Every structure is written in C-alpha cells, then in structure tokens.
Amino acid sequence: MNKLLVALFAIFLASAPALAQDARTVRVERIARALGFEQYLTDIQAAHLASIKGQTSDLFLSLKNMGLPDDYLKAMEFKSEQIFLKATKAWDPKEASRIYAEGLLDILSDEDLVEAEKFVQSPEGKRIHRAIANSEANMVSYIQAKMDGVLKVEFDALLQEMKASAQRSARVFP
C-alpha cells in the first residue's frame, strides 16, 4: 500500500500528452488524466496571475497616494502587468506535464504503472486523490495569503522610505 501511495503522489504531478504512444506512455496519460494534473497546473498559473495583478494594483495605489501623476502611474502599471504576465505565461502546463512524465517513465517499472493505474481508478484511489487535492489547495491558499500579507507590509514600508528619501533629496538638491 505504501508503494501505491508513493506512486500516486508522484504520478499526481505528471501528465504525458505529447509523448510517443507506447503502452507505458498511454498508461501514464490515463493516470495523469484521472488525477487532473494538467488542469492543476493551469489553475496554479491562473492563481499566480490573479495574485500578481492584485499585488501590482496595491503597489500602484500606494504610489498614487504618494502623489505621483495618474497618467504616469497608469502607463507604468500596465507595463508592470505585462512583464508579470509574460513571466507567468513563459511556461506551459502541457509541456511541464510532459517533462515530468518523461522522468516518471524512467523511474517507474511497468508493474508500478499498472498498480498505480488500478489504484487511481479505484474508489479508494479516487477518495485519496480528492483528499490530497483538497489538502494541497488549502496549503497553497495558506502560503499565498502569508506571502501576500508580508509583501503588502514590506512594500508599504519601502514606499514610505522612498517618499522620505525623495523629500530629503528635494531639500538637498532643490
């Protein structure tokens, strides 16, 4: 049973849609579909985009409150969002799944794959998969909330420091 749980957890992180259609690859594809890994990665990518958009908006609102011109801020906010969007979209969930699956095919035996496929399709496997997915979602939400809170506090402190520094510089270099 421990071997099955290890295989389930490892395979949860994989999908192999673009690999050659041999029996092992087909089996990994079925397991990955049953576990919904590609959708999981797509959801992570979307969550990162939403988080970045919120953080960028908060940052530029703080800058606006410091008195910077609206037209300048709107242009810079748009450019910042484009940079973050480009970075987040730099990786593809399908390709990430394929790369991970290639590694699994090198590690797991035919027997491991057969056992894992049977397990993920069983009622017990589906129940365990739901439990893992729910626990993982809670963990990711916790991590994101903690990071967002720290980033807000730290960026607000940085902006105040920048404002004070700019005011000191204005007195020295009128």
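Before moving on, here are some points about what is shown:
- Length-normalised contact order for region 2-172 - Cα pairs under 8 Å, 6+ apart - percent: 35 percent
- By the equivalent-ellipsoid construction on the alpha carbon gyration tensor, region 124-174 comes out with semi-axes of 48, 6, 4 Å, ordered largest to smallest.
- Computed log₁₀ I(q)/I(0) - Debye formula, equal Cα scatterers, no solvent, the chain, q 0.12, 0.16 Å⁻¹: -0.70, -0.96
- Most fluctuating residue given options ILE128, ILE83, ILE52, as computed from a GNM of the chain linking Cα atoms under 10 Å: ILE83
- Theoretical gain in end-to-end length, SER141 to ILE99 [0.36 nm per residue, Cα-Cα removed]: 12.5 nm
- Extension gain for ARG130 to ILE83 (0.36 nm times residue separation, less C-alpha to C-alpha distance): 13.4 nm.
- For the set LYS89/LYS163; LYS89/LYS152; LYS86/LYS118, the pairs lying more than 31 angstrom apart at their alpha carbons are LYS89/LYS163; LYS86/LYS118.
- 17 Å Cα-Cα reach of LYS94 towards aspartates and glutamates, excluding residues that sit fewer than 8 places from it in its own chain: GLU29, GLU38, ASP43, GLU102
- Sorted by Cβ density within 10 Å, fewest first, the residues PHE155, PHE37: PHE155, PHE37
- In plain terms, the residue of SER109, SER57, SER97 with the fewest other Cβ atoms within 10 Å comes first and the most crowded comes last, giving SER109, SER57, SER97.
- Listed by chain and number, the lysines placed with their C-alpha closer than 17 angstrom to that of LYS146 are LYS53; residues fewer than eight positions away on the same chain are left out.
Quick note: the coordinates plus some simple rules give every number you see, no bench work behind them. Not measured: the values here are computed from a predicted model. Here the Cβ is made from the backbone with ideal geometry for all residues, glycine too, and neighbour counts use every protein chain on show.
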